[in-house]
Structures are given as C-alpha cells and as structure tokens.
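Shown next, in structure tokens, is the structure this report addresses.
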Amino acid sequence: MREPTQEEGTLLDVRHLTIGFPAEDGGRIDVVRDVSFTVDAGETVALVGESGCGKSVTALSLARLIPSPPVSYPTGEVRFRGVDTLRLSRRDLQAVRGSGIAYVFQDPGTALNPVFRIGFQLCEVLAGNRQQRREQALDLLAQVGLPASSFQAYPYELSGGMQQRVVIALAIARHPVLLVADEPTTALDVTIQAQILDLLKQLQQKLGMAVLLITHNLGLVADVAHRVNVMYAGMLVERGEAEVVLRHPAHPYARGLLDVVPRLERVTGRLSGIPGMVPAPGRLPSGCPFADRCPHTAARCREAVPPEIAVSEGYPVHSVRCYFPLVSSGGQHA
C-alpha cells in the first residue's frame, strides 16, 4: 500500500460539520455534530462506528446527496480541493459528483437498475459515440475483474460480489479523485469481502484515488487504512493513524469495537460485546454520549461532553474525546 505524504496536500477537509433534520416539535435534531477530519491525496481514511452513528449521513453530505430540505447544513465546511461543496450552486456541484467524488454503496442490488443490462448502465455514464462508450465499458468490466459477457447481463443474473464489482466500475468510470466506499462489503460473505477490498486497493494504486472507507468493522481497516476516525452518536470520539488506534485504542468505545472482532486464536468462550445501543439523535445524554454504555463512567462524564485531547503528537495526531482515556499522553495504556 503506497504511503501518502504531507506534501501531496489535503484533498478533503471537513471542518466542524453539523447536519440536522427537522423534529416533530418544529425544532431540529442534529445527527452529525461538530465533525472534522481530512483525507489526503492518495490515502485511505476509515470512518468507523455502529449503525446509527452518523457515518453514512456524513459521507452523503460530502457531495450533498441528501435533499435539502429536509436536511439542513447550518454550520461547518466540506472543502474538496479547497472549495466548500456546501456552498456550491447546483450546476457547479454536478462537476464534483462522479468526476470528483464518487460513491460505492453497501447494497449493489439497489444501486443497479434491475430492468437495464449492465452494459447499458455503464454506457450511460460514459462519453463518446456508441462504439467508444462500448469499448470503455468493456475496459471498465475488465478492470474490476468481470468477463466481457457481463456487458449483456441483467443485474439479477450476477452474484452479489459481481454486482458490487459493477457498482465499483460505475464509480470509477469518470476517474474520480476521491472514492467513498460506504459499507461496500456488508452484504457479502467473508471470502468475497476480501476480494472486494483487494480490488479497491488495486484500483486505488492504479488510478491514484483517495478512498474514504465507511464501515462498522474495525477488523476490516487494518490492512487498508492509513488513518482511522471512530464515530459515535454523531461525533468523532477518536482519530489517528490506523496502526496506532488499532494497537492502542484510547476511547472505551474503540476498545469495544476491537473486542467484538472475531479472532482465530479465540477457540473457546463467547465473543465480547458492547452493552446497550447507540442513543437516538433526539435523546442524547447531556454529557458523554457513550456514558450509559461505558465501563469507566464517572459523575464527570454525565456533566458535559468531553473536549478533544491529544494523546500523542506527530502526524497525524492521535486524539480522543474522553475524560479517562485508556492511553496516556505518552501513548501507553493508562
């Protein structure tokens, strides 16, 4: 995996992003709160958390794919190549979608139109005359490891893994510089999951894309991500270099996500779990949103949301939102 450098520059810079939906009482419920992270050119950044933590809403907001209304973007910035996409006109935004930021979604069965052949759907997003678009479509199929016969197939004639390869082909058709992969392996078995992740890595190296990987499984990011952002209840609770976060998680929630990953060395006993559920956006506690599920909760945790603190310096900084981090400022377990 190619290591990006700071000199390549920041491709995506999300600053204090807050996303809200209207509440029944006429107010607003924030489902993403004060989220900040960056993606550098050529690197893979993971956004990790359980369902309901706000990962997909954050991802969709990058290219404003959620209709407004009902969603509102009251604060924050999403700077893609230095331009805030949240303030772009509809026309200028079209230039960002597809050729700038492209998406791979978790359910290829719903991402593909069931009544059109694969070749037709690929040609729809390509430029040129009929023959040129056909040749480009066949080349895309080859790039994602599918036979030329897939061109004439309907989606239902392909397996789930093959459908996801088609979705990836659609995503890279216009040569994006940032690929957002939103749970791209959720609906697939373990063997196919590994194949899809390997394919994304190969395409990233070949095309020079940056990748934002959205997942609930920290176990998936170890071999693919340079940096990890752990999200809980609409907030980033930990972020840093992937190897550092995976080896020395500082937030109890990140530690819990790692503990639930199955390991081959566990031959007996039951898997660990995180008790409780992610709180609904309109019912968040006044303090740390993880307080009701955390084994280290103290009175202070229920009084106010913890500030973000650095537990190690360097690039990238390893930071955490916790009053009692599991890692000390020296980078060791507390």
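The values are calculated or read from the model by the stated rules, or taken from the named source; none is laboratory data. Treat the numbers as computed from the prediction; the structure is a model and nothing was measured. Positions of Cβ are generated from backbone atoms using ideal geometry, with glycine treated the same way; all protein chains shown enter the neighbour counts.
Listed values, structure above:
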| read-out | value |
| --- | --- |
| Members of segment 156-188 that are among the charged types (D, E, K, R) and in contact (Cβ under 8 Å) with a residue 24 or more places away in the chain | 165, 174, 182, 183 |
| Count of residues meeting criterion [within 23 Å of residue 198 (Cβ to Cβ) and assigned to a strand (DSSP E or B)] in segment 20-65 | 7 |
| Matching residues in segment 65-115 - criterion: being touching a Phe, Trp or Tyr at 6+ places or on another chain (Cβ under 8 Å) and either modelled with pLDDT under 90 or surrounded by 13 or more Cβ atoms within 10 Å (Cβ to Cβ) (or both) | 65, 70, 71, 72, 86, 96, 100, 101, 111 |
| Among (1) out of contact with any helix residue (DSSP H, G or I) (no Cβ under 7 Å at 6 or more places or on another chain); (2) at negative phi, the one test that residue 230 misses | (1) |
| Members of segment 167-188 found to be touching a Ser or Thr at 6+ places or on another chain (Cβ under 7 Å) and either assigned to a helix (DSSP H, G or I) or within 12 Å of residue 137 (Cα to Cα) (or both), listed by number | 174 |
| When residues of segment 241-273 are limited to those that are hydrophobic (A, V, I, L, M, F, W, C) and at pLDDT 90 or above, the one nearest to the chain's Cα centre (by Cα) | 242 |
| Residues of segment 81-116 classified as outside any helix (DSSP H, G or I), under 22 Å from residue 200 (Cα atoms) and among the β-branched types (Val, Ile, Thr), total | 2 |
| Scope segment 236-264; condition more than 13 Å from residue 319 (Cα to Cα) and not in a helix (DSSP H, G or I); matching residues | 260, 261, 262, 263, 264 |
| Residues (more than 19 Å from residue 49 (Cβ to Cβ) and at pLDDT 90 or above) located in segment 312-334 | 323, 324 |
| Failed item in (1) under 30 Å from residue 26 (Cβ atoms); (2) of a type in the set (S, T, N, Q); (3) touching a residue at least 60 places away in the same chain (Cβ under 8 Å), with residue 75 passing the rest | (3) |
| Counted residues, segment 200-218 - those being more than 14 Å from the chain's Cα centre (by Cα) and outside any loop (DSSP other than H, G, I, E, B) | 7 |
| Conditions (1) in contact (Cβ under 8 Å) with a residue 24 or more places away in the chain; (2) surrounded by fewer than 24 Cβ atoms within 10 Å (Cβ to Cβ); (3) within 23 Å of residue 99 (Cα to Cα): number failed by residue 198 | (1) |
| Long-range neighbours under 8 Å by Cβ, at least six apart or interchain, first residue at positive phi within segment 256-285, second at pLDDT 70 or above and of a type in the set (Lys, Arg) | 276/293 |
| Residue check for residue 280: closer than 18 Å to residue 51 by Cβ and modelled with pLDDT under 95 | yes |
| Test: residue in segment 117-135 that is aliphatic (A, V, I, L, M), surrounded by 15 or more Cβ atoms within 10 Å (Cβ to Cβ), touching a residue at least 40 places away in the same chain (Cβ under 8 Å) and part of a loop (DSSP other than H, G, I, E, B) | yes |
